[in-house]
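The values are calculated or read from the model by the stated rules, or taken from the named source; none is laboratory data. None of these values were measured; they are calculated from a predicted model. So basically every Cβ, Gly included, is an ideal-geometry build from the backbone, and we count neighbours across all protein chains shown.
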């Protein structure tokens, strides 16, 4: 099919990155729709200028696009869809929530839209625009919308795959482990580095080589063969020393106990029984 024209609702981190990637892939961005307040309008205007689009608000949207793509917070999707239903004239409506299904767009479905949830498994932070090449896109929804979404994801260089409605929350929780909780782990590591006399900035710099190699090992070998450290060696005494050293960092200590206990669950590692007993004591 021909490339659909697109309107983006929500000029935040995801909406901005997506609009720019779509524009680079040759899609015509008709409109950037924002909330009707000065800060949101400024964001929409700046983004619209960069992708040669019109900037509008939810209360006065043109919606002269084949596809309207909602990139607003999860709690606002259904409300925004209801507000824009009165302006509806397109063919497709997508949203990019990882946890919620295409049913959030029910007001637009009733207005004649074919709807889908289209979630790129990628992290978007302020002032960055990551490439979507190779990024998985989890897609579910109406047949026509799913077909259109898969084609767009491929044009962006992504890797579309189907997700069942009933699996979306678990899928999103999985996504939490791959990025925000990984950052939480790094933050805990910085805290422990402080006990070793390093500043947070020093810790970040010095951790990067081992983090990169660990990810390389995991990608090539899987978790079991990539695992190293005292658990693999069955070194109960070193783990005991770790626990003592972490005694004054309750949050890091909790993380240490939980992750090591998870590694030992159902394992056949040397002295696993004593290690689990120690971690839970």
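A few remarks follow.
- Complete set of residues in segment 120-133 that are surrounded by fewer than 20 Cβ atoms within 10 Å (Cβ to Cβ) and either in contact with a helix residue (DSSP H, G or I) (Cβ under 7 Å, 6 or more places away or on another chain) or modelled with pLDDT of 95 or more (or both): 121, 122, 123, 124, 125, 126, 129, 130, 133
- Just one of the listed residues (231, 243, 279, 253) is within 21 Å of residue 193 (Cα to Cα), part of a helix (DSSP H, G or I) and without any contact (Cβ under 8 Å) to a residue 12 or more places away in the chain, and it is 253.
- Output for segment 256-274, where each listed residue is touching a residue at least 12 places away in the same chain (Cβ under 8 Å) and more than 19 Å from residue 223 (Cα to Cα): 271, 274
- Some residue of segment 179-189 being in contact with a helix residue (DSSP H, G or I) (Cβ under 8 Å, 6 or more places away or on another chain), touching a residue at least 40 places away in the same chain (Cβ under 8 Å) and either under 28 Å from residue 20 (Cα atoms) or assigned by TED's automatic domain parsing to the domain that holds residue 46 (or both): no
Rundown of residues vs (1) within 23 Å of residue 157 (Cβ to Cβ); (2) modelled with pLDDT of 95 or more, yes/no style:
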position: 23; (1), (2): yes, yes
position: 37; (1), (2): no, no
position: 46; (1), (2): no, yes
position: 49; (1), (2): no, yes
position: 73; (1), (2): no, yes
position: 104; (1), (2): no, yes
position: 107; (1), (2): no, yes
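- Test: residue in segment 246-260 that is in contact with a helix residue (DSSP H, G or I) (Cβ under 7 Å, 6 or more places away or on another chain), surrounded by 13 or more Cβ atoms within 10 Å (Cβ to Cβ) and over 18 Å from residue 184 (Cα atoms): no
- Criterion violated by residue 173 - all others in (1) loosely packed, with under 15 Cβ neighbours inside 10 Å; (2) in the same structural domain as residue 95 (by TED's automatic domain parsing); (3) outside any loop (DSSP other than H, G, I, E, B) satisfied: (2)
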